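The values are calculated or read from the model by the stated rules, or taken from the named source; none is laboratory data. This is a predicted model, so every value here is computed, not measured. When we count neighbours, we look across all protein chains shown, and the Cβ atoms used for this are built from the backbone with ideal geometry, even at glycine. Side chains included, ligands, DNA and RNA excluded: accessible areas come from the protein's heavy atoms. Shrake-Rupley method; radii C 1.70, N 1.55, O 1.52, S 1.80 Å.
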Amino acid sequence: LDVGSFAAAARDSAFIENSGQCTALRHVVAPGAQALAPADLERRLLGPAKGGTDEAVSAMASVDALETAQFAALLSEAPELSAGKPASPRFASAADELRAAGYSIVGDAASATSLAARDARDRVAWRVHDLAAPRRDAVFDEHWRRVVLDLTAPKSRAALMDEATIRDLAAWILDAQPISVVVNKASVDDPEALLFARRLWERTAQVVFGVGDVARPALTAQARPQDGEIFGEVPPRARLDAHTAAVVAVPSSTPSYATAYADDYLRSLLASPAPPGPATPVIDACDDDLAKGYCLELLRYLADAAVGPRRAVQGAPRDVLWGLQRPPLGPNGATWLRLSANDAFDDAAPAIVAFLATNAASQLRVSVHPANAAAAARLADALGPAFLQDALATRRTDAQFADDVAAAAPWNVLRAADFRAGAAYGPDARYSLASHFVARLFPIGHVKSTRSDDLAFRHVFEASPKWLRATATYSAA
């Protein structure tokens, strides 16, 4: 935050619509921030970028903010923290609750005498964590309509880019699943920071990931779907079913989420058998022709959609790569698929096929209840005898499997029962559109540079093994 443009980007991202915007900045990693005195940190968060005026932050009515195009103004209608309702009845106000949790509030420091501090008084709070990365179980309350910022402070840039820090930061991002993540480079030409950004992106599952620099810093509140900047709010994948039946992307067709394939169409696909490959034995092992047809439709969709990154509209304000991604690379990226005692092999087959048909095959583990001998036998025939040698695969009860999930914390946990005909979308949507099914299995979204034609950015990110790619071509007759 010792760079004016970065401080301004953090301020604008945190203050946007007085933090009533879903992509408002809530957490920032700022190397060295723990060494700043509260008054110095306050000055950098509230002060203007280098060469600006003293009134970087101003309070005004929302109508005035709209008329003057001030998207990051403090809105006078928003209550001050001392007048805000606390989450716990133990406190008299939101301000008291925040102070008890270790936050500083603008106006607490006697030296806060700038015009910006005057307008932000009792409206902005922050807290510094002397850590390289947030702890995985760290929870930052949203504080809707309040400007509240947590800063994690590695000792240095080198500490931030350390392998252990990247691992811990990625683990926290996967668990918290923020809408957007941005990395701002210290200079326009900063290959080390660009590689850091790629390594972090590869280990997460972000729908929105931005890369900026000192001259054109990225904000968290940036997404233009019309330019290919695919947008969406996705819960942590292992808890997806607690919140929604589908991953909703923007832009997409709303009626499509309640659309299913006609039975006759799925049966017609059987006229074009799948080409030889690791997914073919799984398809052949299905009893139901509709399940076989749906698996073939998935192969056709993946051959068309899982082709690596696509570049968005050339000439757009930002350089954008978008497309399907593999699950996070690294130790936190496994997907576990569970068949309980009474689950049918056919219900699990589409998910297995989708993994086996792509470069994400190694990231799937299948587990079958020991009482489900029929499913285990078919899986062994389709996946090979080594499948039966995995203790997780065939020798874990439901309770033991739940314990394994709690201990290992895989990125995604799928259950065959969730894909049983009608289970996800209702009885009239037996087999959902391939795109929506695949989005339940794999991350979607985009990564972008704040520059319109960023060759270095494209060179680094296009080569990433994180992009999902089909391993075989297939087209129905």
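Of all residues in the stretch 1-43, those satisfying the criterion of being basic (Lys, Arg) and closer than 18 Å to ASP119 by Cα are ARG11, ARG43. Determine, yes or no, whether LEU174 is outside any loop (DSSP other than H, G, I, E, B) and under 25 Å from ASP12 (Cβ atoms). Judged against the criteria, LEU174 is not a match.
Scan the stretch 198-216 residue by residue and report those that are aliphatic (A, V, I, L, M) and free of Cβ contacts under 8 Å to residues at least 60 places away in the same chain. Selection gives LEU200 alone.
Touching a Phe, Trp or Tyr at 6+ places or on another chain (Cβ under 8 Å) and at pLDDT 80 or above - does that describe any residue in the stretch 32-40?
Our first condition is that a residue be touching a Phe, Trp or Tyr at 6+ places or on another chain (Cβ under 8 Å); within the stretch 32-40, this holds for none.
Checked the stretch 32-40: no residue is touching a Phe, Trp or Tyr at 6+ places or on another chain (Cβ under 8 Å) and at pLDDT 80 or above.
A search for C-beta distances below 7 Å between a residue of the stretch 156-176 that is closer than 13 Å to TRP411 by Cβ and any residue that is of a type in the set (S, T, N, Q), counting only pairs 6+ apart in sequence or on different chains, returns ALA170/THR204; ALA170/ASN332; ALA171/ASN332; ILE173/THR204; LEU174/THR204; LEU174/ASN332.
Among the residues of the stretch 11-48, those that are part of a helix (DSSP H, G or I), among the hydrophobic types (A, V, I, L, M, F, W, C) and within 17 Å of VAL208 (Cβ to Cβ) comprise ALA14, ILE16. Filtered by the rule that a residue be farther than 19 Å from MET60 by Cα and open to solvent by less than 20 Å² (accessible area, probe 1.4 Å), the stretch 72-102 gives SER93, ALA94, ALA95, LEU98. SER362 passes every criterion in (1) in contact (Cβ under 8 Å) with a residue 60 or more places away in the chain; (2) under 25 Å from LYS466 (Cβ atoms) apart from (1). LYS466 fulfils the conditions (1) in contact with a helix residue (DSSP H, G or I) (Cβ under 7 Å, 6 or more places away or on another chain); (2) surrounded by fewer than 21 Cβ atoms within 10 Å (Cβ to Cβ); (3) at pLDDT 95 or above; (4) among the basic types (Lys, Arg) except for a single criterion, (2).
For residues that are open to solvent by 80 Å² or more (accessible area, probe 1.4 Å), at pLDDT below 90 and either of a type outside the set (Ser, Thr, Tyr) or in a helix (DSSP H, G or I) (or both), tally how many sit in the stretch 52-66.
Looking only at that region, the number is 2.
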